[in-house]
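Undergrad: Below are the structure tokens for one structure; questions will follow.
The values are calculated or read from the model by the stated rules, or taken from the named source; none is laboratory data. Computed from a predicted structure; not experimentally measured. Every residue, glycine as well, gets a Cβ built from its backbone with ideal geometry; the counts of neighbours run over all protein chains shown. Surface areas here come from the heavy atoms of the whole protein model, side chains and all, with no ligands, DNA or RNA. Shrake-Rupley method; radii C 1.70, N 1.55, O 1.52, S 1.80 Å.
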Amino acid sequence: MIFSYLDVRDKGRVAQVCAAWRDASYHKSVWRGVEAKLHLRRANPSLFPSLQARGIRRVQILSLRRSLSYVIQGMPNIESLNLSGCYNLTDNGLGHAFVQEIPSLRVLNLSLCKQITDSSLGRIAQYLKNLEVLELGGCSNITNTGLLLIAWGLHRLKSLNLRSCRHVSDVGIGHLAGMTRSAAEGCLNLEYLTLQDCQKLTDLSLKHTSKGLTKLKVLNLSFCGGISDSGMIHLSHMSSLWSLNLRSCDNISDTGIMHLAMGTLRLSGLDVSFCDKIGDQSLAYIAQGLYQLKSLSLCSCHISDDGINRMVRQMHELRTLNIGQCVRITDKGLELIADHLTQLTGIDLYGCTKITKRGLERITQLPCLKVLNLGLWQMTESHTEKVR
């Protein structure tokens, strides 16, 4: 039990003390949840038997100079496989590894495996039917056809990351949402969906999402320049959604926030940082319809003390407020925050150039405050000690 609290390096060290400690350190409870991080270079016949003896079922491949099938054959009960950043992984290599069903595999990370194409997704959809988490961030050769294959085969998928998959369009999101039932049922159990920087997406994708992905909890649309205020109407009635990221969505304005606030959302987290059409009116809408927020990010938005004044009295649940680079905020705004947002545990004031020591002293008196980011603001040494 004691050994289970040690980090991986120390688990190995205690195993070298004596035979009794070695036997104790090999107990599977000691290694529960541990992920093995491996460089696959030369052959090592004892590697996988050793991992299996410890009950390790999660593996990250740091570098891949041997066949991936070497891993799959060596660990038939593998639960999690992280190949993130293995740039030399090809469709051919993955195809040789996945040649039969692997029912135990729940998590597969292929982030930045840039040679992977739709062909690999066909294999994954065919043989990894129990997959719950699939990371494809930066796999820029994936197209809508690949998403059709995922929608056809991976019905248990709960989390999907498509960050910077530049070829994905509304058609692909339609496949995931079950809009093409004749070809694919869809991934209707999705709870976490990252579409960051998918530039071809429009409001139609949001319509598909709201109709088909009704269990969605977290949706990341940051840097999706093709979505607009109208798309927020579709999202506004997704009652299961609790986190929405619209960071750097240039076409979202106060009108979009109005649509969100007028719906039936129960959002806990909202990020509209760097949406330069967001202003004080949005804060009024948030206070009216999104007052249950626990985290709100408004970095670099065109908000002022007036907007803060219109919001703070209703936001009793707010724990994190990010208003960095909101250059119109002054000490008056900080005083309003200090007076009314008494549950705040974190605030970002980086680049708020109009605040002074007086406003900061009020903020540092917040009873629950643990994180204060000031960045560009210059403080005296004694004041720095006080903030710490």
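Undergrad: Return one quarter of the surface area of the convex hull spanned by the alpha-carbon atoms of segment 150-305, equal to its mean projected area, in nm². Don't skip to the end; give the middle numbers.
TA: On the way: hull surface 32.1 nm².
Computed as one quarter of the Cα hull surface, the answer is 8.0 nm².
Undergrad: In whole Å, how far is the Cα centre of segment 146-161 from that of segment 91-138?
TA: 11
Undergrad: Give me the compactness ratio for segment 243-365, meaning the Cα radius of gyration over 2.2 N^0.38 Å.
TA: The value comes to 0.96.
Undergrad: Another one. With label points built 7 Å along Cα→Cβ from the Cα atoms of R66 and Q100, find their separation and express it in nm.
TA: 2.0
Undergrad: How far is the Cα center of segment 243-320 from the Cα center of segment 57-88, in Å?
TA: 42
Undergrad: Here is a follow-up. Where is the GNM fluctuation largest for the chain (alpha-carbon springs, 10 angstrom cutoff): S46, S268, S295?
TA: Greatest mean-square fluctuation among the candidates belongs to S46.
Undergrad: Given the whole protein assembly as supplied and a 1.4 Å probe, what does the accessible area of D331 come to in Å², nearest 10?
TA: 10
Undergrad: Additional query: Return one whole number: the accessible area per residue of the chain in Å², for a 1.4 Å probe.
TA: 45
Undergrad: May I have the extent of the alpha carbons of segment 74-230 along their three principal axes, as whole Å values ordered from largest to smallest?
TA: 51, 28, 25
Undergrad: Can I ask one more? Taking 8 Å as the Cα distance limit and 6 or more residues as the minimum spacing, I'd like the relative contact order of segment 248-377 as a percentage.
TA: Values: 303 pairs, mean separation 25.3, N = 130.
RCO, segment 248-377: 19 percent.
Undergrad: Additional query: For segment 193-241, take the convex hull of the Cα atoms, compute a quarter of its surface area, and give me that in nm², please.
TA: 2.9
Undergrad: Just want to confirm a number: the relative contact order over the chain, from Cα pairs under 8 angstrom separated by 6+ residues, in percent. Walk me through the intermediate numbers first.
TA: Details: 957 pairs, mean separation 25.4, N = 388.
Once normalised by length, the contact order is 7 percent.
Undergrad: Turning to a different aspect of this structure: Rounded to the nearest 0.05, what FRET efficiency do Q115 and E35 have when you use their Cβ-Cβ distance and R0 = 22 Å? Don't skip to the answer; put the middle values down first.
TA: Working: r = 24 Å, r/R0 = 1.09.
Calculated transfer efficiency: 0.40.
Undergrad: How much accessible surface area, in Å² rounded to 10, belongs to the heavy atoms of D197 with a 1.4 Å probe?
TA: 50
Undergrad: Give me the three principal axis extents of the chain from the C-alpha atoms, as integers in angstrom, largest value leading.
TA: If we take the Cα atoms of the chain, the spans are 68, 61, 30 Å.
Undergrad: On to the next question. For segment 48-95, I need the span (max minus min coordinate) of the C-alpha atoms along each principal axis, in Å, sorted largest to smallest.
TA: Largest to smallest, the principal-axis extents are 30, 17, 17 Å.
Undergrad: Taking R0 as 41 Å, what's the FRET efficiency between S140 and Y5 from their Cβ-Cβ distance, rounded to 0.05?
TA: Approximately 0.50, to the nearest 0.05.
Undergrad: Taking a cut-off of 19 Å, what percent of all Cα-Cα pairs in segment 34-150 are separated by more than that?
TA: On the way: 2799 of 6786 pairs.
Result: 41 percent of Cα pairs exceed 19 Å.
Undergrad: 7 Å from Cα along Cα→Cβ at both Y26 and R362: what's the point-to-point distance in nm?
TA: Result for the modelled spin labels: 6.6 nm.
Undergrad: Continuing with this model, one more query. May I ask you to derive the relative contact order of segment 172-277, considering only C-alpha pairs under 8 Å and at least 6 residues apart, and to give it as an integer percent?
TA: On the way: 240 pairs, mean separation 24.6, N = 106.
Computed value for segment 172-277: 23 percent relative contact order.
Undergrad: Rounded to the nearest 0.05, what FRET efficiency do E185 and V14 have when you use their Cβ-Cβ distance and R0 = 45 Å?
TA: Using R0 = 45 Å, I get an efficiency of 0.35.
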